[in-house]
């Protein structure tokens with residue numbers, strides 16, 4: 001398809017959060033700045049847009065990488081090199097690593113900022129033709145517990161709900177999500193409805209902080225960090241006790257109920273109250289509301305997923321929906337609110353170390369065989385074991401087991417936990433490659449080779465948002481300098497490595513066509529989609545099988561209450577709570593939680609380019625309850641050292657009663673390269689969920705010490 005002319009507007013999905021709002025981009029009248037506004041034709045957002053999406057046009061030409069850079073040693077300055085030299089060095093290192101260490105010596109860490117075509121070709125090249133499953137993505141930090149929880153309980157990944165359910169739910173249960181700041185367009189949709197007709201919607205928010213989300217709730221359960229699973233078992237106990245179960249649904253469509261019923265017996269309101277630190281009457285009121293509401297929708301995000309109990313907590317949320325038959329119908333269901341804009345597309349394309357395209361698993365022989373046949377590879381080409389998740393990649397670098405670590409479209413030297421350890425590990429890797437659109441990120445400090453990447457406005461491809469809606473993002477401006485699309489980089493590298501015909505594509509539409517053919521008959525069936533159909537008819541929801549009419553994709557999964565498990569039944573899970581992986585103690589008496597501000601995104605690679613957003617949030621603030629402030633000698637506006645078992649940083653103090661005593665909060669955005677750096681993730685530990693391998697980035701034990709003014 002032809003590039004849009006500079007006089008024409010263009011439509012795309014917003015490249016920030018997983019809400020996946022539609023944007024209309026208006027070409028510059030003077031200079032280089034495109035103007036963004038909400039796309040009224042996009043069915044997911046209906047013209048709504050948050051401050052980040054509205055200002056994204058200001059980020060497109062600022063601080064961009066325009067040519068490949070190389071240095072032999074990390075203490076040297078970068079020098080510009082040609083693409084020919086860059087790909088030659090990369091290819092040589094891949095060949096040398098495979099020859100001396102085998103395919104397991106290669107590892108790639110990608111991103112939900114990828115388009116689906118970028119994701120897919122990375123899987124084809126590394127998992128297929130190079131024989132290593134060591135491709136992971138920042139969805140590991142974001143949604144991998146949701147992936148594992150859905151698969152454990154329902155038989156497959158895939159949110160069963162859609163955004164229209166926000167309009168039909170009579171009770172919305174939000175746990176581990178500050179929706180107002182992190183998914184603001186969805187929040188505004190809920191808030192407008194509640195203001196318009198308060199009686200039509202009741203809202204429950206579970207969060208140790210009184211966020212803007214919690215402030216609007218009918219019930220705010222300010223539980224202790226790490227007690228989510230106990231709370232959910234307590235609600236299950238009361239639902240059973242109150243005889244509000246859907247026994248017909250349980251008998252016909254689930255298994256494991258008797259064992260789960262026995263588990264619930266012990267989770268009395270008083271026990272849950274003692275563990276969670278809430279009044280038992282609050283728990284009872286919420287259980288009664290759930291049990292008597294005709295349509296219950298639950299939503300969660302990082303506060304659930306980033307936990308050693310993340311997958312178990314997701315399954316516990318699903319348990320409550322199975323108990324009451326609140327799934328597979330309008331206004332109801334367990335709805336994971338995705339973090340990255342194309343994290344869903346990455347999951348569809350196999351973009352985690354245990355996955356293959358089309359919601360397949362590397363551990364399943366038939367799944368590997370299907371991919372090998374589709375890619376024209378001999379049997380046994382795809383390794384049978386899951387690859388290294390991102391923290392395992394860090395540990396492998398520590399041991400000297402990786403010859404190549406390739407980071408693409410993400411900034412792990414801000415977003416990973418235990419950053420000092422990550423930095424040291426990366427310095428132990430012979431070749432660290434960074435594919436990035438912006439100059440000077442923290443990860444560039446540990447890279448030998450930097451490749452200039454085209455971003456979403458400069459390449460064509462698709463993204464999938466949290467409600468499984470696929471949007472074609474058209475290229476509407478040229479890439480700066482020598483920047484290239486990630487899928488094109490993977491394709492050329494594949495050709496240079498001798499896999500020519502398998503990586504010869506005229507454009508990204510051919511890549512997408514090859515990918516969607518792999519999804520036919522799967523839960524995430526997109527076989528009926530193409531770039532042309534999406535260009536002609538706009539965004540579409542999957543499942544969208546071959547022959548589906550435009551606009552007739554499936555809004556909700558499991559309407560027939562038949563689940564993709566071995567028996568066709570959903571599964572109750574009985575996980576016992578263990579609490580925080582690193583609980584507070586006498587030496588580190590407080591729990592630090594990290595999160596996001598409304599005006600910033602992830603590691604500020606884009607939003608730091610926008611003066612309006614920097615003015616809105618000029619620095620990271622350490623939120624401390626007045627009781628904890630007094631006991632630690634802190635004052636509002638003063639400075640504190642925040643120390644964990646791994647590191648210490650300084651931050652300006654904000655004394656507030658909007659946070660639970662014993663808990664403190666920092667935003668995670670500010671890395672070492674930003675003004676007023678505050679590297680919160682230096683403090684966080686890497687321990688995580690045994691099922692999803694997602695780190696517990698929401699809680700670490702810390703202590704506070706007052707510092708002189710200015711830190």
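Only the coordinates and a few stated rules stand behind these numbers; no lab work does. The shown structure was predicted, so the numbers you read here are calculated from the model rather than taken from an experiment. With ideal geometry, Cβ positions are generated from the backbone for all residues, glycine too; neighbour counts draw on all protein chains shown.
If you rank 275, 659 by fewest surrounding Cβ atoms within 10 Å, what's the result?
Details: 275 20, 659 23.
Lowest count first: 275, 659.
Taking 0.36 nm per residue of separation and subtracting the Cα-Cα distance, full extension of the segment from residue 215 to residue 51 would add 57.0 nm. The helix-only estimate of mean residue ellipticity at 222 nm for the chain, built from DSSP H runs of length n ≥ 4 each weighted as -39500 (n - 2.57), is -8000 deg cm²/dmol after division by the residue total. Normalised Debye scattering of region 590-707 at q = 0.11 Å⁻¹ gives log10 I(q)/I(0) of -0.36, counting only Cα atoms as equal scatterers and leaving out solvent. Simple spin-label estimate for residue 76 and residue 266 gives 6.0 nm between the two label positions (7 Å along the Cα-to-Cβ direction from each Cα).
Report the gain in length on full extension from residue 636 to residue 197: 0.36 nm times residue separation, minus Cα-Cα distance, nm rounded to one decimal. Display every interim value, and only then the final one.
Numbers: separation 439, 0.36 × 439 = 158.04 nm, distance 3.86 nm.
That works out to 154.2 nm of additional length.
Assuming a ≥ b ≥ c are the square roots of the Cα gyration tensor eigenvalues, decide whether region 1-98 counts as rounded (a/c under 1.5), prolate (otherwise, with a/b larger than b/c) or oblate. Judged from the Cα gyration tensor, region 1-98 comes out prolate (a/c at least 1.5, a/b above b/c).
The value given for the chain is a Kirkwood hydrodynamic radius of 25.7 Å, derived from the mean inverse Cα-Cα separation.
Taken along the Cα-to-beta-carbon direction at a fixed 7 Å, the label points for residue 648 and residue 672 span 1.9 nm. Within region 144-336, the ratio Rg/Rh, alpha carbon atoms throughout and Rh by Kirkwood, equals 0.93. Using the average count of surrounding beta-carbon atoms within 10 Å as a protection proxy, the listed peptides 640-653, 623-636 rank, highest first, as 640-653, 623-636.
The spacing between region 658-687 and region 371-425, judged by their C-alpha centroids, is 25 Å.
In terms of the mean number of neighbouring beta-carbon atoms within 10 Å, the peptides 382-395, 407-420 order highest first as 407-420, 382-395.
The length gained by stretching the chain between residue 420 and residue 504 to full extension, at 0.36 nm per residue less their Cα-Cα distance, is 26.2 nm.
Using only the Cα atoms of region 456-594, build the gyration tensor, take square roots of its eigenvalues as a ≥ b ≥ c, and label the shape rounded, prolate or oblate: rounded if a/c is under 1.5, else prolate if a/b is larger than b/c, else oblate. Don't skip to the end; give the middle numbers.
Details: a/c = 2.13, a/b = 1.33, b/c = 1.60.
In terms of gyration-tensor shape, oblate.
Extents of region 531-621, taken as max minus min of Cα coordinates on every principal axis and listed largest first, are 60, 47, 16 Å.
For region 432-505, what class follows from the C-alpha gyration tensor (a ≥ b ≥ c being the square roots of its eigenvalues): rounded when a/c is under 1.5, otherwise prolate if a/b is larger than b/c, else oblate? Don't skip to the answer; put the middle values down first.
On the way: a/c = 1.71, a/b = 1.13, b/c = 1.52.
It comes out oblate by the Cα gyration axes.
The distance from the alpha carbon centre of region 446-498 to that of region 239-278 is 47 Å, rounded to a whole number. When the P(r) is computed for region 155-223, the part past 20 Å accounts for 26% of the Cα-Cα pairs. Each peptide in 255-261, 528-534, 299-305, 692-698 was scored by the mean count of other Cβ atoms within 10 Å over its residues; highest first, the order is 299-305, 692-698, 528-534, 255-261.
Spatially, region 499-578 and region 158-214 are offset by 27 Å when compared through their Cα centroids. Here the spin labels are modelled as points 7 Å beyond Cα on the Cα-Cβ line, and at residue 40 and residue 61 they lie 2.9 nm apart.
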